[in-house]
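Since the structure comes first, as structure tokens, the remarks are kept for the end.
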Amino acid sequence: MFDELHEECGVFGAYHVDEAAFSVYYGLHSLQHRGQEASGIAVYQDGRIETRKGKGLTIDVFNRPDLEQMKGRTAIGHVRYSTAGGQEAENIQPIVAHGHSGSIAIVHNGQIVNDMELRVELEQKGCIFQGTSDSEIILHMIMKERGSLLERVEKTARQLEGAFSFLVLQDDVIIAVRDKYGLRPLSYARNGEGYIISSETCAFEVQGIYDHVDVKPGEAVSFSRGLVRHHCYVDHPTSHMCAMEYIYFARPDSEIESINVHAFRKETGKMLARMDEDLDADLVIGVPDSSLSAAIGYAEESGVIMESGLVKNRFVTRTFIQPTQSLRDRGVRMKLTPVRDVVEGKSIVMIDDSIVRGTTSRRIVSLLKEAGAKEVHVRIASPIITSPCFYGVDTSTKKELIGANKTVEEIREYIQADSLKFMSCEDLKKAAGEVGLCTACFDGRYCSPLFSHEKSARGEE
């Protein structure tokens, strides 16, 4: 219902950590912003893999007795938002397979773009799929390869195209893998005598750990026999971190490729302010929560006061869907409420992270004007989204993107703003410094082949 990009999934692992299930539970709780559909944990204990998972938030899926029964010291976990594969129970991770080489569990963040080709090949070789997610493809490929676990994982990773960070658990071993383009973040940190691995560094800090090591693009990192070993499974890996990780997905207290997410967003706000030297405004308002850092940057650079002009109801979930337009409008009012005493009679700069379909921006502008705002100038802390993403973001067709079908002026008219400006790709890359970014959703320049998704990328059905 809400016009916003949906999060990726999140993965977390604990190797040789006391009460590993509890460690993973707290890690997943910190990564809950990356997926609220389902949660799961797999623990290696007494020579086997024990798994518990279910639909809903981590806090709803697990209770203390569940976690106390999972007594192993090595575990992996997952929070899910489905971008490839539906919401069926079979797609909830960790996914476990049992074979002659033993049991293997996997958790995966991202999206494989050659999934259809690999699925057909695996089915022709006799593989039977229980679900529809691309994560199960990775598991089948690892199971059919020969050699040590590390060799099988590396052989599999070399055949995958697209975005992925995944963890593999077998026996008392975890292997953490990041795609060769570096599209998805993955890091690990020392925890006592063991290690923890996470999609975002904010999950380390909740456990009192502030130092970490990034898994590099094209790396497989093995945690085995108390040792950590780095293995580069491809020649010439590249760095194309998803720009949306900085703009929207990641928590502001996370660090990605040595850049703090809050600092990145704040810098984009400052850049927007430099485009507005002649704008006479009374207030800066950020749309909670991901736009607040950019709003702070805009206010500092422009000298315009920042206020809390929109209040967010944090108990309206992303699954709140209503069938009619009037009920959808009411849903937006349930989620965001303007503060009349703050906005009435004021000329406002409204900072948001992105515009996807335009419907929510239109409703927020309308809410502010209903509350008495004299003018609403919308500033977007990212470029115009013009192209679908096939790396794990739920924008798969051009027709659903307002930026692919309207000019900036037409978008301004649609959302009923008094003015509208976006960042440029060049400024976005400047904010990232030396970190290479994937900006495909803004400029259509994909860093990998797209296989069966090529027609969608060109806007063809």
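On the stretch given as segment 254-310, residues that are over 23 Å from residue 31 (Cα atoms) and outside any loop (DSSP other than H, G, I, E, B) total 22. Inspection of segment 235-251 finds no residue satisfying the criterion of being in contact with a helix residue (DSSP H, G or I) (Cβ under 7 Å, 6 or more places away or on another chain), in the same structural domain as residue 34 (by TED's automatic domain parsing) and either surrounded by fewer than 19 Cβ atoms within 10 Å (Cβ to Cβ) or closer than 18 Å to residue 434 by Cβ (or both).
Among the residues of segment 39-53, those identified as crowded, with 23+ Cβ neighbours inside 10 Å and either more than 15 Å from residue 174 (Cα to Cα) or of a type in the set (A, V, I, L, M) (or both) are 39, 40, 41, 42, 43, 49. If you take the residues in segment 98-152 that are of a type in the set (S, T, N, Q) and part of a helix (DSSP H, G or I), which one is nearest to the chain's Cα centre (by Cα)? Per the criteria, the residue is 135.
Of note, residue 208 does not satisfy the criterion of being small (Gly, Ala, Ser) and under 25 Å from residue 138 (Cα atoms).
Taken over segment 43-80, the criterion of being under 16 Å from residue 9 (Cα atoms) and touching a residue at least 40 places away in the same chain (Cβ under 8 Å) is satisfied by 53, 76, 77, 78, 79, 80. Within segment 415-461, the residues that satisfy the criterion of being part of a strand (DSSP E or B) and not small (Gly, Ala, Ser) are 420, 421, 422, 437, 438. Would you pick out the residues in segment 426-446 that are out of contact with any Gly (no Cβ under 8 Å at 6 or more places or on another chain), touching a residue at least 60 places away in the same chain (Cβ under 8 Å) and under 21 Å from residue 261 (Cβ atoms)? The answer is 427, 428, 430, 431, 432, 433, 435, 437, 438, 439, 441, 442.
The values are calculated or read from the model by the stated rules, or taken from the named source; none is laboratory data. What you see is a predicted model, and the numbers here were worked out from it, not measured in a lab. Cβ: placed from backbone, ideal geometry, glycine included. Neighbour counts: every protein chain shown.
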